[in-house]
Amino acid sequence: REVLESVLRDLDCLTDIVNIDACESAVECLELLEELDANQEYVAVLISDHVMPGKSGVDLLIDVEEDPRFLGTKKLLLTGLATQADTIRAINHAKIDYFLEKVWDPDELLQTVKELLTEFVVEKGLSYSAFVDKLDKRTLVRL
């Protein structure tokens, strides 16, 4: 729960432009993804810890990668306990976009999420003029 609270706190400045939901397990996350899809909502960025009850974060990210409904969702693995084999699976099978080790720098997490969010918005062709100030300027110029 402490990790979830830290992530929520670190990303709080984005809550005026995106919904940020926290789940304590992969099963809970998959249920939320089903609900979001049913409501035709985008899942721009998914941040997962590796160690979770029931199913690992890497397995969760692989499930999301293999689900065509979440094509383009950016995936970030945040962990201190993934083995080299876990990390290789995350890269090769979940196609993660970023990896951060615990204990992370809050500024790096925020900057990374801004970059991933910006990529998602541009790749999906979404209008972003109302919140351009919250996106990453370098990424906007690059894309």
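Find the accessible area per residue for segment 20-143; the probe is 1.4 Å, ligands and nucleic acids are left out, and the unit is Å².
Dividing the accessible area of segment 20-143 by its residue count gives 56 Å².
How far apart, in nm, are the 7 Å Cα→Cβ label points at residue 139 and residue 36?
1.4
Determine the share of segment 5-136's accessible area contributed by carbon and sulfur atoms, expressed in whole percent, with a 1.4 angstrom probe.
Within segment 5-136, the accessible surface is 49 percent carbon and sulfur.
For segment 17-57, what is the Kirkwood hydrodynamic radius in Å, using each pair of distinct C-alpha atoms?
10.9
Could you tell me which GluC sites (Glu not before Pro) in segment 1-87 are loop residues by DSSP with no more than 10 other beta carbons within 10 angstrom of their beta carbon?
Those that pass, being in a loop and sparsely packed, number zero.
Rounded, prolate or oblate: which one fits segment 1-83, using the alpha carbon gyration tensor with axes a ≥ b ≥ c (rounded when a/c is under 1.5, else prolate when a/b beats b/c, else oblate)?
Oblate is the answer for segment 1-83, as a/c is 1.5 or above yet b/c matches or exceeds a/b.
With n ≥ 4 as the cut-off for DSSP H runs, can you work out [θ] at 222 nm for the chain, using -39500 (n - 2.57) per run divided by the number of residues, rounded to the nearest 500?
The helix contribution divided over the chain gives -14000 deg cm²/dmol.
For Rg/Rh (Cα atoms, Kirkwood Rh), the choices are [x] 1.04; [y] 1.20; [z] 0.94; which was calculated from the structure?
Matching the structure shown: [z].
Heavy atoms only, probe 1.4 angstrom, no DNA, RNA or ligands counted: give me 48, 129 ranked by accessible area, highest first.
129, 48
If you bin the C-alpha pair distances of segment 103-143 every 10 Å from 0, what whole percents do you get?
All Cα pairs, binned at 10 Å, distribute as 29, 54, 15, 2 percent.
How much solvent-accessible surface does residue 134 expose, in Å² to the nearest 10, with a 1.4 Å probe and all protein chains in place?
The accessible area of residue 134 comes to roughly 40 Å².
Given contacts defined as C-alpha pairs under 8 Å and at least six residues apart, what's the relative contact order of the chain, whole-number percent?
Relative contact order for the chain comes out at 22 percent.
The values are calculated or read from the model by the stated rules, or taken from the named source; none is laboratory data. Just so you know, these numbers come straight off a predicted model, no measurement behind them. With ideal geometry, Cβ positions are generated from the backbone for all residues, glycine too; neighbour counts draw on all protein chains shown. Quick note on the areas: whole protein, heavy atoms, side chains included, nothing else; ligands and nucleic acids left out. Shrake-Rupley method; radii C 1.70, N 1.55, O 1.52, S 1.80 Å.
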